[in-house]
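Notes to accompany the following structure.
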Amino acid sequence: MISAEKLFQKMPKVVGHRGASGHAPENTLASLRKAAELSTSFVEIDVTLTQDNSAIIQHDADVRRCTNGSGPILLKSLEEVRALDAGSWFSPEFTGEHIPTLREATDILQELGLGLNLEIKPTVGWQIPTAVQVAKELLDYWPEDLPLLISSFAVECLIEVRKHLPEVPLGYLTSAIPPDWEKRMKEYDCASLHCERHYVTEDHINAIRSAGYRVLVYTVNDPEEAKKFLGWGADAVITDFPDRMLGLLKS
Ligand code: G3P
Ligand code: MG
């Protein structure tokens with residue numbers, strides 16, 4: 001695993017959200033390919049578990065929004081999940097896209113040379129099994145030299161991952177920055193804080209950076225806003241439209 005120091009040296013200022021989800025169905029292989037096509041070198045995707053304990057790339061706990069099916073993923077087998085069309089809801093040109101497994105996503109990231117911010121997105125109640133399985137799979141096949149930053153809103157996931165992957169850089173993911181953020185960063189052994197754009201101020205960024213941590217802001221789709229956050233010292237913005245940023249910002 002790449003150390004936090006090396007990872008942040010490699011991380012560009014623009015990170016693709018769910019791949020390049022403004023241009024392709026989020027969290028699909030097409031979205032990862034699109035990110036690479038748009039010259040993004042780092043992407044964020046979400047990982048969750050199926051009923052039969054496979055790590056798959058999907059944001060919601062229910063497949064309704066992003067596929068032609070419905071119902072909770074945690075109650076579906078990998079085979080059932082794989083039978084769903086995860087592309088046509090976005091646009092007919094993506095008909096036939098599947099929900100990828102973490103393994104498939106890893107293979108394509110390696111092929112494309114993209115670094116990854118893997119957000120663990122457990123079905124609520126399934127934090128520990130999700131973290132255990134994701135860590136197990138990563139130990140099994142994650143390429144040693146490919147940048148990997150793991151984040152989660154679920155601190156149970158961060159704590160569990162740390163037990164299995166003592167070296168992997170962790171990101172504390174939140175909407176608003178809690179008043180005791182510094183205590184939490186230490187407690188969960190995080191290298192970066194990932195916060196929602198509405199709640200972050202210049203003072204926050206100064207304080208977090210001065211304490212030796214990195215700051216990522218999501219989801220920033222307006223290039224002027226991205227410039228503002230980066231001007232305040234944010235390390236990166238996470239965006240659905242990396243192409244909008246690359247014209248303006250040196251990544
Ligand atoms: O990891 C940043 C961002 O993806 C967190 O929110 O809901 O888009 O997964 P969400
Ligand atoms: Mg996410």
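The values are calculated or read from the model by the stated rules, or taken from the named source; none is laboratory data. Everything numeric in this text was worked out from a predicted model, so none of it was measured. Cβ sites come from the backbone with ideal geometry, for glycine too, and all protein chains shown count toward neighbours. Please note that ligands, DNA and RNA were not included when accessible areas were found on the heavy atoms of the full protein model with its side chains. Shrake-Rupley method; radii C 1.70, N 1.55, O 1.52, S 1.80 Å.
Between L75 and T95, the C-beta separation translates, for a Förster distance of 25 Å, into a calculated FRET efficiency of about 0.50.
Within the listed set L112, L29, L102, the residue fluctuating most in the Gaussian network model of the chain (springs between alpha-carbon atoms under 10 angstrom) is L112. For the cross-link pairs K13/K121; K34/K183; K76/K183; K76/K186, the ones whose C-alpha atoms lie over 29 Å apart are K34/K183; K76/K183; K76/K186. Each residue of the range 83-99 is assigned a 3J(HN,Hα), and the resulting list reads 7, 7, 8, 9, x, 5, 4, 8, 6, x, 5, 9, 4, x, 5, 10, 6 Hz, derived from the Karplus form 6.51 cos²θ - 1.76 cosθ + 1.60 (θ = phi - 60°), x at Gly and Pro. Starting from the Cα of K227, step 7 Å toward the Cβ, then list every residue of the range 11-27 with an amide N under 20 Å from that point. Inside the label zone: 13-15.
In the range 33-126, what is the volume of the convex hull around the alpha carbon atoms, normalised per residue and reported in Å³?
Value for the range 33-126: 92 Å³ per residue.
For the options T40, T28, T67, a Gaussian network treatment of the chain with springs between C-alpha atoms closer than 10 Å singles out T67 as fluctuating the most. The stretch between A83 and E202, if pulled fully straight at 0.36 nm per residue, gains 38.2 nm over its current Cα-Cα span.
Taking a point 7 Å out from the Cα of D180 in the direction of its Cβ, none of the residues of the range 211-234 has a backbone N less than 17 Å from it. Our summary gives the chain a relative contact order of 21 percent, counting only alpha carbon pairs under 8 angstrom and 6 or more residues apart.
Once the 1.4 Å probe is applied to the protein heavy atoms, the chain comes out at 42 Å² accessible per residue.
Give me the dipole magnitude in Debye, nearest 20, for the chain about the Cα centre, with unit charges on the beta carbon: positive for Lys and Arg, negative for Asp and Glu.
460 debye
The simple Förster model, with R0 at 25 Å and r as the Cβ-Cβ distance, assigns R64 and T219 a FRET efficiency of 0.75. For the pair E5 and S210, the difference between a 0.36 nm per residue extended length and the Cα-Cα distance amounts to 72.2 nm. With the chain treated as a Gaussian network of Cα nodes joined by springs under 10 Å, which of F241, F229, F94 yields the largest mean-square fluctuation? With Cα springs under 10 Å in the chain, the top fluctuation among F241, F229, F94 is at F94.
Peptides 78-91, 214-227, 11-24, 176-189 ordered by packing proxy, namely the average of other Cβ atoms within 10 Å per residue, highest first: 11-24, 214-227, 78-91, 176-189. Surface composition of the chain: carbon and sulfur atoms hold 48% of the protein heavy-atom accessible area at a 1.4 Å probe.
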